[in-house]
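Student: Just passing along the structure, written as structure tokens.
What follows draws every value from the coordinates through simple rules; no lab data is involved. Keep in mind that this is a model prediction, so the values were computed, not measured. All Cβ positions, even for glycine, are placed from backbone atoms using ideal geometry, and neighbour counts span all protein chains on display.
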């Protein structure tokens, strides 16, 4: 039979060549250098693919050896190939809590979507640990083997979280979750941040419940959105989030509608302004446009008429001798100046008008060595002095910066620019140093206003028109040194003149009541002890805790406490142990303990028996009638009151039920 040409195919009945034989055939040499380079690259890619295939086969063989029998080997290989197709992430062991959290969450999501055993989950996940994470896993696997810990995904996740997500970081995330507020964020941004923080808190022993999440999410919402959703009943956090989205969209629509209405109003106003004729100016506005005027070439500003710069005249009244900020016409007309003025108030500038008012007091006092007429005015904001008095007495004055505009009760305004500082004014024999502002007063010299009255605690009696000045505490005074023993001496002393006194009457008892002096108490001293250091005696009726049939012992992990709370808890536990109210226990039951702050600031020890109460058979007793209770107390004259110092240790429990009252703490 003729042989077929090389490379064209094989003859009939000729066996297929082996792939290995094809790989061993010599490579063709090309004269083109680019062709040689591409052939070399293709050869390297083939070698790399062969190495990857060999590595995959080795991993599959190791997995099959780990899984056991042949049936499990075939099944595990298929599951692992499916797991690899989901592109699981790698973890190199860096101590970044957010990276560790992302890896464990993604890995949990992939493994939960697959049908594999707990051992397979751990095996698959650990195949993607790299670097320091591999070293950590070797140590953890040895620890789990030595302690006979079951190789489950839950145990692996717990050990991973404890190592790469420390407790301090989770506590900071929990604190941030508690303080989280929406503020200027949208509902979507607030929800994303809320879910991110809740994930960290979910890994703790006391994971938040759905009710707690709903309450916290609603508390952090913005006030307007929280108001809309607070009146709605929600059964889950997802429902609350959806209602928050609806509330936000409704508020946004209202804002948009309000903006459009306001915009239409503004546009309508602009349209009306455009309809006005250009020659008719609007009220309160000038009838010319500053854009049409040109700047002055000398001063560079826009003004009417001749430029006054450099001529030494007032820019307001065009008169020489003063500047615009000192222009009397500007001040008299109440116009504004470049200097900010302070404001004051006085009742009157004339003495005759002040004397006609019953709320004002006029007296003669001394200013230095001269007598002056002083008006005490509680309606004046400051203290003033007349310009004529300043000139008559030759007092020195300084500039008042900034100038003060004083409003008079009659409606006028006066501007003052001078002040006399530290003027010695004598009132009721005491000298006061007062800053007096110069004003054009008539028929009076000085006005002492609220600045002086309030600073020296001086009161004006409007009805009797008296001035009440406080007594100098440093002045010499005499005190009563003898006690008055009877009423006659008291009346005689009060009848004397020129005495200032303060009397305090007290009633004292020579004997104090001692409980031991009461016969009934002395007879039964054991009923009134100061401290109770033992349990109550056994009674005929015992307090029992009957459980629902089929109930199993319930043990709840202790609540998290701050260092101060732990210190207070330890102190109270030691006190209860000394009184033999509690004792160490190995009961399978266990309730958590918490501390509640009382009104006086101390902490009350409370035990959370809610889980025990759920499986306890409730005793139903009819409530007593109020009429019957009143009938029983009709002829009673002595009532007893029990002061409960600690509410948990007043009733003795049946011995067989003591183990159900056990509680768990860190101590």
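Student: Where does the range 107-175 land on Rg(C-alpha)/(2.2 N^0.38 Å)? Don't skip to the end; give the middle numbers.
Tutor: On the way: Rg = 13.2 Å, N = 69, 2.2 N^0.38 = 11.0 Å.
Output field value: 1.20.
Student: Taking Rh as the Kirkwood radius computed over C-alpha pairs, what is the Stokes-Einstein D of the range 414-468 at 20 °C in a medium of viscosity 1.002 mPa s, expressed in µm² per second? Working shown, then result.
Tutor: Working: Rh = 12.8 Å.
It comes out at roughly 167 µm²/s.
Student: Here is a further query. Hey, can you rank 250-258, 167-175 by average C-beta count inside 10 Å, highest first?
Tutor: In decreasing order of mean packing, 250-258, 167-175 become 167-175, 250-258.
Student: Can you compute the radius of gyration and Dmax for the range 172-253, using only the Cα atoms, both in Å?
Tutor: In order Rg, Dmax, the Cα atoms of the range 172-253 give 12.5, 43 Å.
Student: Which whole-number percent gives the relative contact order of the range 172-253, counting Cα pairs below 8 Å spaced six or more residues apart?
Tutor: The normalised contact order for the range 172-253 reaches 32 percent.
Student: Relative to the present Cα-Cα distance, how much length would full extension add between residue 442 and residue 149 at 0.36 nm per residue of separation? All intermediate terms of the calculation are to be shown ahead of the outcome.
Tutor: Values: separation 293, 0.36 × 293 = 105.48 nm, distance 10.30 nm.
Gain on extension, residue 442 to residue 149, equals 95.2 nm.
Student: Mean separation of Cα pairs under 8 Å and 6+ residues apart, divided by the residue count of the range 565-642: what relative contact order is that in percent? Write down the numbers at each step before the final one.
Tutor: On the way: 33 pairs, mean separation 14.7, N = 78.
Result for the range 565-642 is 19 percent.
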